[in-house]
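Scroll down for the structure; my scribbles are underneath it.
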Amino acid sequence: MRWKLQPEPTPEKEQQLAQSLNTDELIAQLLLQRGIETFEQARQFFRPNLDDLHNPYLMKDMDKAVLRIESAIEDQENILVFGDYDVDGTTAVSLMASYLKTLYPNIATYIPDRYDEGYGISYKGIDYADDNEISLIIALDCGIKSIDHVAYAKAKNIDFIICDHHRPGDILPEAVAVLDPKREDCNYPYDELCGCGIGFKLIQAMGANRNQTIEDLMPYLDLVATAIAADIVPMTGENRILAYFGLQVINTFPRPGIKALIHQVKKKILDITDVVFIIAPRINAAGRIKHGNHAVALLSEFDFEQAQQFALEIEKYNAERKDLDKQITKEALLQIEENNEKEHFTTVVFNENWHKGVIGIVASRLIETFYRPTLVFTKSGDKYAASARSVLGFDVYNALEACAEHLEQFGGHMYAAGMTLKAENYELFKNAFEEVVRNTIHPDMRMPEITVDAEIDFSEITPKLIRILKQFEPFGPQNRTPVFMSKNIVDTGFAKTMGGSDEHLRLFVKQNNSEGFAAIGFGLGAKIGIAKDRKPFEAVYCIDENEWNGKVSTQLRLKDIR
C-alpha cells in the first residue's frame with residue numbers, strides 16, 4: 001500500500017477559514033481539501049438544506065418531459081415506468097411509479113430480466129408496452145444510448161422520456177425528452193445525480209405545478225438516499241443534501257419495504273455505510289438471483305406485513321448471492337493461477353457457467369487480490385457478457401471504448417461498466433484490453449493507495465474533534481471519512497489477532513504520554529509483528545466510536561501500519 005499525504009493548503013487560507021468559522025486549523029484543512037473555501041460553502045456543507053436544491057426546470061428537456069406526462073394523464077393514456085434491475089434502477093422505478101399513482105391509476109412498471117433481456121431498454125419491454133396499449137414509457141437509469149430501441153418504439157407510436165445519468169454517445173435517442181445532466185448541451189448546475197436522483201428531479205418539477213413543496217416529497221427521499229449510496233456517486237452538492245435528508249427518513253419514517261429490510265438486521269440507527277452494506281445488497285440480490293420485480297414489489301408495498309414477507313424472500317436471495325460470490329471468486333482465482341497471469345496488467349476471466357448476477361461482485365473481489373482493471377465474463381445466450389471494475393484513477397470506460405471494435409455493446413462509468421461480445425472475439429478483445437491498459441495506466445495506479453488527510457498527534461483526538469467529524473457525514477466519494485496518520489505509536493502489550501484465521505488485528509495504542517486508544521485493523525492480522533514487543537510504528541486510521549454495553553469509547557479503525 002502507498003500512503004499518500006494530501007497536500008496541505010496554504011497557511012493563509014487555512015487560518016482565514018479557521019477564523020471565519022471559529023474552529024481550529026485541522027478542521028479548516030479538512031474542509032479546504034474537500035473544496036470548501038468560504039464561510040457560505042461551509043454553512044451549506046455542515047447544514048444541508050432542502051432550499052439549496054436546484055430548480056428542476058434548469059435541466060434540459062424538463063419542461064418537455066413534464067408537458068408529455070401531464071398530457072398523458074389528461075388523455076388517460078397508459079404509462080409504463082421502465083428501469084434497470086440494480087438498486088438505482090429499482091428505487092427509481094418505485095419512486096416514479098408510486099408518485100404517479102398518487103395522481104393517476106393507469107401506471108405499470110417494467111424491469112428487464114437480467115438474463116433474458118440484459119441491461120437497459122429491451123425490445124421485449126417495448127413489445128410488452130405495445131401489447132398493453134401503452135403509449136408513453138418513462139425510462140430511468142438507462143436509455144441514453146438506446147437509439148435503435150427508441151426508434152423501434154416510435155414506429156409503434158410509443159413515446160419515450162429518458163431519465164439517465166450515464167455518459168451519452170455522439171447521438172441522442174429521438175425521445176420526447178432526454179433528461180441527463182451529462183448531455184453537453186445541458187447547463188444544469190450539478191451533473192453527478194444518480195438515476196433515481198434524476199427521477200426525483202422529475203417528480204419535483206411535476207410537484208411544482210401542483211403547488212407541492214419539497215417537504216411534500218420528503219417520503220421519497222429514503223429511496224433516493226439508498227440509490228445514492230449504492231451507486232457510489234460523489235457525496236457532494238445535491239447528492240449530499242438528498243442523502244442527508246434521505247437518511248433522516250430511513251431512520252424515522254421509512255417506507256414499509258425499507259423498514260422490513262432494516263428489521264432483518266436489527267440495527268436501530270443506520271448511517272450511509274449501513275445503507276451500502278445492509279440495504280443495497282439485499283435490494284440488488286433480487287435482480288441478481290431472481291428478478292428485479294421483487295425489489296420493486298418490496299419498495300412499492302405499503303402494507304408492512306406484506307413487505308416483511310417480501311423481505312424474507314429477498315433475504316434468501318441474498319444468502320444465495322453470498323454463496324455464489326464465494327464459489328465463483330475461488331474458481332476465478334484458480335483460473336488466474338493456472339493461466340499464469342499474475343504479471344498481467346489486467347484480469348480477464350471467463351467461465352460459461354458463472355452466474356451472471358454476481359460477476360460484478362466477483363470482479364470487485366478479484367481487485368482485492370490482484371489490484372488491476374478487471375473483467376469477469378460468462379455466457380449470455382449465444383454471446384459473452386462481462387462486468388468490469390477498475391482501480392483508483394483508471395477509467396475503464398475509456399479503455400473499453402478503445403477496444404470497441406471487438407465489442408457488441410458496452411456502457412457504464414469510469415469505475416464500473418458492462419459489455420457483451422461474440423464468442424469468437426473474446427481472445428482478440430482480451431489481448432486488446434491488456435494492450436490498452438498496459439500502455440495507458442500510470443505506474444502508481446498499480447498499487448493500492450491510501451489517501452491521508454492529515455498527520456496528527458493523539459493529543460488532537462478530542463471529544464470536540466469527534467463531534468465535528470460526525471457533522472462531515474454522510475460520507476462517500478469526494479467526501480470520504482477523514483483518514484489520519486500518526487507516528488511513533490506503541491502498542492502497550494495487548495497486541496493480538498482475531499477472527500477464525502487470525503486475519504484481524506487488535507491493539508491498544510499510545511503515543512508519548514497521550515491517552516491510549518483501542519485500535520482494530522480488519523485484514524491486518526499478518527502485520528502483528530510490526531506492533532508487537534512495544535516497537536514504535538506508524539499508522540493510518542479513521543476515528544470511530546465503539547458502543548459496548550451502553551458505554552461509548554473512542555476507537556481507531558486502522559487502515560494500515562508500518
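The values are calculated or read from the model by the stated rules, or taken from the named source; none is laboratory data. Here the structure is a predicted model, which means the values were calculated and not measured. Don't worry about glycine lacking a Cβ; one is built from the backbone with ideal geometry, like all the others, and counts go over all protein chains shown. SASA here: full protein model, heavy atoms, side chains in, ligands and nucleic acids out. Shrake-Rupley method; radii C 1.70, N 1.55, O 1.52, S 1.80 Å.
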Q.
Could you order the peptides 103-115, 180-192 from most to least packed, using the average number of other C-beta atoms within 10 Å per residue?
A. 103-115, 180-192
Q. For Met218, what accessible area in Å² do you get when you roll a 1.4 Å probe over the heavy atoms of the protein chains, rounding to the nearest 10?
A. 40
**Q.** Gyration tensor (alpha-carbon) shape descriptor, the stretch 432-529, a/c threshold 1.5
**A.** oblate
Q) In percent, how large is the relative contact order of the stretch 1-75, given Cα pairs closer than 8 Å and 6 or more residues apart? A) 20
Q: Mind checking the per residue accessible area of the chain for me, 1.4 Å probe, whole number of Å²?
A: 46
Q: Express in nm, to one decimal, how much length is gained between Gln76 and Trp548 on full extension, taking 0.36 nm for each residue of separation and deducting their alpha carbon distance.
A: 164.2 nm
Q: Work out from phi, with θ = phi - 60° and the Karplus expression 6.51 cos²θ - 1.76 cosθ + 1.60, the ³J(HN,Hα) of each residue of the stretch 407-420, listed in order in whole Hz, and give x for Gly and Pro.
A: 9, 7, 7, 7, x, x, 10, 4, 9, 8, 8, x, 7, 9
Q.
Would you calculate the convex hull of the Cα atoms in the stretch 354-427 and tell me its volume per residue in Å³?
A. 85
Q) Tally Lys/Arg at +1 and Asp/Glu at -1 over every other residue whose Cβ is under 12 Å from the Cβ of Lys383; what's the total? A) -1
Q: Straight distance only, please: which lysines reach the Cα of Lys379 with their own Cα at less than 28 Å, same-chain residues fewer than 8 apart left out?
A: Lys124, Lys145, Lys290, Lys316, Lys322, Lys326, Lys330, Lys342, Lys356, Lys422, Lys430
Q.
From the helices alone, meaning DSSP H stretches of at least four residues, give me the mean residue ellipticity at 222 nm for the chain, per-run term -39500 (n - 2.57), in deg cm²/dmol to the nearest 500.
A. -12000 deg cm²/dmol
Q: Roll a 1.4 angstrom probe over the protein heavy atoms and tell me the percent of accessible area of the stretch 212-260 that is carbon or sulfur.
A: 62
Q | Estimated D of the stretch 412-460 in µm² per second, where Rh is the Kirkwood radius over Cα pairs and Stokes-Einstein applies at 4 °C, 1.567 mPa s | A | 88
(Q) Restricting to Cα pairs below 8 Å that are 6+ residues apart, what does the relative contact order work out to for the stretch 454-562? Please round to a whole percent. (A) 25
Q: Hey, could you grab the Kirkwood Rh for the stretch 172-316? Inverse mean 1/r over distinct alpha carbon pairs, Å, one decimal.
A: 16.1
Q. Which percent of the accessible heavy-atom area of the stretch 278-330 goes to carbon and sulfur, probe 1.4 angstrom?
A. 50
Q) Residue farthest toward the positive end of the dipole of the chain, with Cβ of Lys/Arg at +1 and Asp/Glu at -1: which of Leu217, Phe517, Asn22? A) Phe517
Q) With charges set only on the Cβ (+1 for Lys and Arg, -1 for Asp and Glu), what does the dipole of the chain come to about its Cα centre, in debye to the nearest 20? A) 1940
(Q) On C-alpha positions alone, give me the angle between the axis of helix 256-265 and the longest principal axis of the chain, in degrees, nearest 10. (A) 30
Q: For Lys259, list the lysines whose Cα falls under 16 Å from its own Cα; do not include residues on the same chain fewer than 8 positions away.
A: Lys267, Lys268
**Q.** Karplus-derived 3J(HN,Hα), 6.51/-1.76/1.60, for each residue of the stretch 332-349, Hz, glycine and proline x
**A.** 5, 4, 5, 5, 4, 4, 5, 7, 6, 10, 5, 8, 5, 8, 9, 10, 10, 10
(Q) 5 Å is the cut-off here: which amide hydrogens, built 1.01 Å from N in the peptide plane, fall below it relative to Lys383, excluding neighbours closer than 5 in sequence? (A) none
Q: Kindly report, to the nearest 10 Å², the accessible surface of Met447 as traced by a 1.4 Å probe over protein heavy atoms only.
A: 90
Q: Can you tell me how much longer the chain between Asn157 and Asp185 gets when fully stretched, taken as 0.36 nm per residue apart minus their C-alpha distance, in nm with one decimal?
A: 7.4 nm
Q. If one computes P(r) from the Cα atoms of the stretch 70-159, what percent of pairs lie at distances over 24 Å?
A. 13
Q. Around His406, with a cut-off of 14 angstrom between Cβ atoms, what is the net charge of the other residues, counting Lys and Arg +1 and Asp and Glu -1?
A. -4
Q: Return the sequence-ordered ³J(HN,Hα) values of the stretch 547-553 in whole Hz as given by the Karplus equation 6.51 cos²θ - 1.76 cosθ + 1.60 applied to θ = phi - 60°, using x for Gly and Pro.
A: 10, 9, 6, x, 9, 9, 9
